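Scroll down for the structure; my scribbles are underneath it.
The values are calculated or read from the model by the stated rules, or taken from the named source; none is laboratory data. Computed from a prediction, not measured in an experiment: that's the story for all the values here. Backbone-built Cβ (ideal geometry, glycine too); neighbour counts: all protein chains shown. Just the protein is used for accessible areas: all its heavy atoms, side chains included, with ligands, DNA and RNA removed. Shrake-Rupley method; radii C 1.70, N 1.55, O 1.52, S 1.80 Å.
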Amino acid sequence: MSETIQSIRGMSDVLPEQVPLWDLFEDTARVWLRAYGYRPIRMPLVEKTELFVRSIGEVTDIVEKEMYTFTDLNGESISLRPEGTASCVRAVLEHHLLYNGPQRLCYAGPMFRHEKPQKGRYRQFHQVGVEALGFPGPDVDAEHIVMCARLWNQLGLDRIRLQINTLGTPETRARYRARLVKHLERNLDALDEDSRRRLGSNPLRVLDSKNPAMQSVIDAAPRLYDDLDEASLLHFETLQAILRGLGVEFDINSRLVRGLDYYNHTVFEWITDRLGAQSAVCAGGRYDGLLHQLGGKPAPACGFALGVERVLALMAESGARVREQPPDAYLVHSGVEASRLAWRAAEQMRETGLSIVLHCGGGSFKSQMKKADGSMARFAVIIGDDEAASQRVAVKPLRELGDQVTLSVAEAIGLMRNARGTPHIEP
Ligand code: HAM
């Protein structure tokens, strides 16, 4: 026998029994996004590699070592999208969406990063992302944070802490960068290889290092806050005032720099201590320079994305249990005439919105009834020679006490539809 083929490491199947939790999340998210006026957009899963290099940044973990990059049959370098912001901005520019004024957009779907898989970290994972383009903020920055808080609340999730920081303007960062590099150079011996490499290219990312041996150097590093200009300070303070006014709690984490290069001003992360090493459930911020950087007219923008698998893990942990929706009936039939009636009756029933599983594959009534029971359907609809002769069907409750009754198809439909309104008794 040949070997079975396994899925790719870090890329998971979502099995039928897991789907109801995904559905619950996706249904909640859809209503939530509408409540804030965000319009869905769908972008391709694959883009020109250059798009991600130019937006996320050449010296970032994602672009340096995590992208699934291929040469396609035309010899062009293309990549599976590692995130949605770059594609969303590309689509907005390509279709001139900002000509119609500022845009509130959202998207959902799989993203791909060749990271080391572990709990909460996958190579194919899903995000729900939100981008507001054409808004200078900080009101819309606050809107993003407030809407996240609302979603956690709706999903019954607590203990997700909010961290915010500001990266100021590119000029702020240039001033800060010079001070930071000086500090890091003075402590060169304490830096690991990765950080030394970043010193010349992306020194702010050194602050993100989780290496315990470097924590004292990081703690002693100068703070970007001290280089902030007045407008940046005002932006950050106004954001905080809106959050305080709405009772949204937050911590300021001056080390929060984010792993993608396009941010300025506000950055934020929602973190949890319940998912082991993978603490970020949702993250985002402002990226006022990105549209221009990608060839568009300059326009301010900000957004965030949440990791669906991480949110689902928190939902499962907090006790969210959703059952698969069983069919209304399993239709058991035997005999040529009976089968003819069964096919017709099943279609009539489905026409009214009922969910009917028609037995396929033949077999005795006894074995079909076993299948009916295993399907978790509320009723078995049974059609044999007698029913075929009278053009009626037998309906047997499978999940609660009650007698089998013989009815016309229309009556059977009425009975099953009525039963939908009454609580389902567990077997
Ligand atoms: P990000 O921080 O790279 O930001 O990802 C956002 C969220 O996606 C993370 O907080 C995490 O929950 C989830 N995530 C990231 N990588 C993985 C993984 N390997 N496995 C499971 N979940 C993961 C962005 O992607 C930005 N585009 C967010 C944004 C939108 N900024 C502005 N607009």
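A single member of M111, M147 is touching a strand residue (DSSP E or B) at 6+ places or on another chain (Cβ under 6 Å) and open to solvent by less than 10 Å² (accessible area, probe 1.4 Å), and it is M111. Looking only at residues that are more than 9 Å from the ligand (Cβ to nearest atom) and in a strand (DSSP E or B) in segment 252-279, which one is surrounded by the fewest Cβ atoms within 10 Å (Cβ to Cβ)? Ranking the candidates gives I252 first.
Residues in segment 280-299 that are open to solvent by 10 Å² or more (accessible area, probe 1.4 Å) and either part of a helix (DSSP H, G or I) or more than 9 Å from the ligand (Cβ to nearest atom) (or both): D288, G289, H292, Q293, L294, G295, G296, K297, P298, A299.
With the condition kept exactly as written, say whether any residue in segment 308-324 is of a type in the set (V, I, T), within 16 Å of the ligand (Cβ to nearest atom) and open to solvent by less than 50 Å² (accessible area, probe 1.4 Å). The answer is yes; a qualifying residue exists.
For segment 375-416, a residue qualifies if it is among the small types (G, A, S), surrounded by fewer than 19 Cβ atoms within 10 Å (Cβ to Cβ) and in a strand (DSSP E or B), and exactly one does: A394. Tallying residues that are surrounded by 14 or more Cβ atoms within 10 Å (Cβ to Cβ), among the basic types (K, R) and in contact (Cβ under 8 Å) with a residue 40 or more places away in the chain within segment 158-208 yields 6.
Pairing each residue of segment 261-281 that is without any contact (Cβ under 8 Å) to a residue 24 or more places away in the chain with any residue that is near the ligand (Cβ under 9 Å from one of its atoms) and open to solvent by 20 Å² or more (accessible area, probe 1.4 Å), provided the two are 6+ apart or on different chains, yields C-beta distances under 6 Å for S279/I271.
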